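Working notes, structure below.
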Amino acid sequence: MRRRLMAQTQSPPAAPPRTRKIGMVSLGCPKALVDSERILTRLRADGYAMSGDYAGADVVLVNTCGFLDSAKEESLQAIGEAMAENGRVIVTGCMGNEADAIRARFPGVLAVTGAAQYEDVVDAVHAAAPPGLGPYFDLIPQSAPGDVKLTPRHYSYVKISEGCNHACAFCIIPQLRGDLVSRRIDAVLREAEKLVAAGTRELLIISQDTSAYGVDVRHEPRAWHGQPVRTHMTDLARELGGLRTPDGHVPWVRLHYVYPYPHVAAVIPLMAQGLLTPYLDIPFQHASPAVLRAMKRPANEAKVLERLREWRDICPDLAIRSSFVVGFPGETEDDFRYLLDWLDEAQLDRVGAFRFEPVAGAAANALPDPVPEAVKEERYARIMAHSAAISAAKLAAKVGRTVRVIIDEVGDPDEDGDIGASGRSQADAPEIDGAVHLRNVPDHLAPGDFVDVLVEDADAHDLFGVITRA
């Protein structure tokens with residue numbers, strides 16, 4: 001995912017004379033996007049403004065992704081573009097751990113810092129483009145105008161922890177971001193409460209392992225609104241379910257990167273009660289016991305199927321998305337067929353897949369029996385077609401039903417004056433899942449509005465319908 005120079009602010013203050021401007025290119029996952037927002041928020045507090053293009057920037061930040069070799073190559077291309085278009089570039093993010101490689105290819109970069117090293121990034125910007133405090137700059141601190149957001153106003157990512165305690169053979173996240181470090185639960189809830197009060201209608205809770213939230217601090221309690229709340233996923237979910245928008249709506253709260261531990265069952269009743277969005281993003285990665293063991297992942301796929309059935313018994317509308325790796329070293333045709341059969345039983349709502357890529361530093365690189373690239377491609381095509389067929393059948397079953405939708409975009413009137421719009425159901429997270437396309441919407445409709453939609457048609461990924469009640 002690539003976001004270029006997109007910083008948005010809410011009611012930004014007038015720029016003081018000689019204000020330095022920062023450009024940003026943000027690559028990678030939502031967790032990296034949150035890092036970019038935090039960096040830009042800090043820099044704006046230090047007197048910097050945001051630039052909408054390369055030419056207007058005193059310095060350009062490139063927040064890189066280093067999870068896969070293909071992501072590293074995209075990061076290097078982005079650094080090269082920023083160097084060519086501007087020339088004053090600071091590199092940060094996950095690929096910042098490979099500073100020597102970056103400097104070898106781009107010796108002119110001003111600084112290279114690692115993931116989540118906010119202070120180092122800010123210090124590098126100060127050194128490269130010191131804040132320009134003009135003669136009319138007010139030295140008395142002003143009230144904060146709100147954090148910088150790189151997402152639309154109506155949805156926001158909230159990162160609850162950094163790092164990961166797992167040692168998956170294909171992954172180098174612990175090397176890039178360290179072991180699990182959980183944020184204080186009162187700080188997380190304060191951020192969420194502030195975002196909802198400012199107009200956020202959908203909170204997307206992210207981390208490397210949301211189910212492990214608080215393990216590193218032994219689930220220590222913190223005071224929140226006069227009551228003790230544990231640093232634990234279930235306590236966090238319960239408190240988030242009590243938030244309300246200024247107009248009284250229950251905001252959507254979506255849990256991502258959830259491992260299927262037993263305590264996850266405690267949040268399913270909150271979904272059934274309408275306090276949490278009935279959606280779980282669970283990174284299963286595979287189903288074959290042999291492949292899961294080689295990946296150093298939990299290998300109790302039968303127990304997982306049992307839990308999925310129990311959760312759906314409690315909350316029938318629960319949507320589950322996941323991602324899978326095909327072509328892992330040693331994966332046989334039988335292993336792959338086992339995965340397809342497991343998907344038939346699991347009936348996941350949304351599925352993504354990745355071809356295995358060796359990543360420098362990953363334990364999987366030393367495993368025997370690498371899968372040929374042609375076989376990886378063939379298996380990737382098969383799993384995507386298989387999951388698309390499951391999705392098409394599940395979406396077709398929604399035709400004739402009424403679903404709740406949050407609006408993302410509203411189009412311009414066509415030649416007949418009709419206006420179209422697109423949004424998402426509770427089964428769809430932004431940018432990674434499907435959409436709901438609407439016809440003949442009212443002209444007062446706006447992004448962030450909740451509407452009820454009668455589903456008229458469906459394909460393998462999207463729904464199509466008409467508003468019944470706004």
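Quick look at the values:
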item: Residue satisfying condition, being β-branched (Val, Ile, Thr) and surrounded by fewer than 18 Cβ atoms within 10 Å (Cβ to Cβ), within set Ile282, Ile320, Ile314; result: Ile314
item: From Asp209, Asp100, Asp186, residue being among the acidic types (Asp, Glu), over 28 Å from Ile22 (Cα atoms) and modelled with pLDDT under 95; result: Asp209
item: Candidates Leu76, Leu61 - the one that is among the hydrophobic types (A, V, I, L, M, F, W, C) and either outside any helix (DSSP H, G or I) or closer than 17 Å to Gln117 by Cα (or both); result: Leu61
item: Number of the exception - Thr332 against (1) of a type in the set (S, T, N, Q); (2) under 27 Å from Ala237 (Cα atoms); (3) more than 27 Å from the chain's Cα centre (by Cα); result: (2)
item: Strands (runs of 3 or more DSSP E) wholly inside the stretch 399-470 containing at least 1 residues that are free of Cβ contacts under 8 Å to residues at least 40 places away in the same chain, not acidic (Asp, Glu) and not assigned by TED's automatic domain parsing to the domain that holds Tyr279; result: 402-410, 421-425, 436-438, 463-469
item: Given (1) surrounded by fewer than 20 Cβ atoms within 10 Å (Cβ to Cβ); (2) under 30 Å from Ser161 (Cα atoms), index of the condition Asp58 fails; result: (2)
item: Residue under evaluation Leu236, criteria (1) of a type outside the set (Ser, Thr, Tyr); (2) buried (at least 20 other Cβ atoms within 10 Å of the Cβ); (3) at pLDDT below 95, criterion not met; result: (3)
item: Sole exception among (1) touching a Ser or Thr at 6+ places or on another chain (Cβ under 8 Å); (2) surrounded by fewer than 22 Cβ atoms within 10 Å (Cβ to Cβ) for Gln347, by number; result: (1)
item: Selected residue (criterion: surrounded by the most Cβ atoms within 10 Å (Cβ to Cβ)) from residues of the stretch 224-233 that are in contact (Cβ under 8 Å) with a residue 12 or more places away in the chain and outside any strand (DSSP E or B); result: Met233
item: Cβ pairs under 7 Å, 6+ apart, first in the stretch 183-205 and on the phi < 0 side of the Ramachandran plot and among the β-branched types (Val, Ile, Thr), second at pLDDT 95 or above and part of a helix (DSSP H, G or I); result: Ile185/Asp235; Ile185/Leu236; Val188/Leu236
item: Top-ranked residue of the stretch 148-163 - restricted to ones that are closer than 27 Å to His232 by Cβ and of a type in the set (A, V, I, L, M), ranked as surrounded by the fewest Cβ atoms within 10 Å (Cβ to Cβ); result: Val158
item: Whichever residue in the stretch 200-223 is in a loop (DSSP other than H, G, I, E, B) and of a type in the set (D, E, K, R) and, among such residues, is surrounded by the most Cβ atoms within 10 Å (Cβ to Cβ); result: Arg201
item: Of all residues making up the stretch 82-117, the number that are under 19 Å from Asp58 (Cβ atoms) and either without any contact (Cβ under 8 Å) to a residue 12 or more places away in the chain or of a type in the set (Phe, Trp, Tyr) (or both); result: 2
item: Within the stretch 38-58, considering residues that are assigned to a helix (DSSP H, G or I) and touching a Ser or Thr at 6+ places or on another chain (Cβ under 8 Å), the one farthest from Ile22 (Cα to Cα); result: Ile39
item: One residue from Gly114, Gly23 being in a loop (DSSP other than H, G, I, E, B) and either in contact with a strand residue (DSSP E or B) (Cβ under 9 Å, 6 or more places away or on another chain) or at pLDDT below 90 (or both); result: Gly114
item: Residue within the stretch 240-250 that is in contact with a Ser or Thr (Cβ under 9 Å, 6 or more places away or on another chain) and modelled with pLDDT of 95 or more present; result: no
item: Only listed residue being of a type outside the set (Ser, Thr, Tyr), at pLDDT below 95, assigned by TED's automatic domain parsing to the domain that holds His386 and part of a loop (DSSP other than H, G, I, E, B), chosen from Pro329, Pro316, Pro298; result: Pro298
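Residue-by-condition table, conditions (1) closer than 20 Å to Tyr257 by Cα; (2) in contact (Cβ under 8 Å) with a residue 60 or more places away in the chain:
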site: Leu33; (1), (2): yes, yes
site: Leu40; (1), (2): no, yes
site: Ala45; (1), (2): no, yes
site: Ala49; (1), (2): no, no
site: Tyr54; (1), (2): no, no
site: Leu61; (1), (2): no, yes
site: Thr64; (1), (2): no, no
site: Leu68; (1), (2): yes, yes
site: Leu76; (1), (2): no, no
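Here is a yes/no grid of residues against (1) more than 20 Å from Val196 (Cα to Cα); (2) surrounded by fewer than 17 Cβ atoms within 10 Å (Cβ to Cβ):
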position: Thr402; (1), (2): yes, yes
position: Val405; (1), (2): no, no
position: Glu409; (1), (2): no, yes
position: Glu415; (1), (2): yes, yes
position: Leu438; (1), (2): yes, no
position: Asp443; (1), (2): yes, yes
position: Val451; (1), (2): no, no
position: Asp457; (1), (2): yes, yes
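The values are calculated or read from the model by the stated rules, or taken from the named source; none is laboratory data. Everything quoted here is computed from the prediction, not taken from an experiment. Glycine gets a Cβ as well: all are built from the backbone with ideal geometry, and neighbour counts include every protein chain shown.
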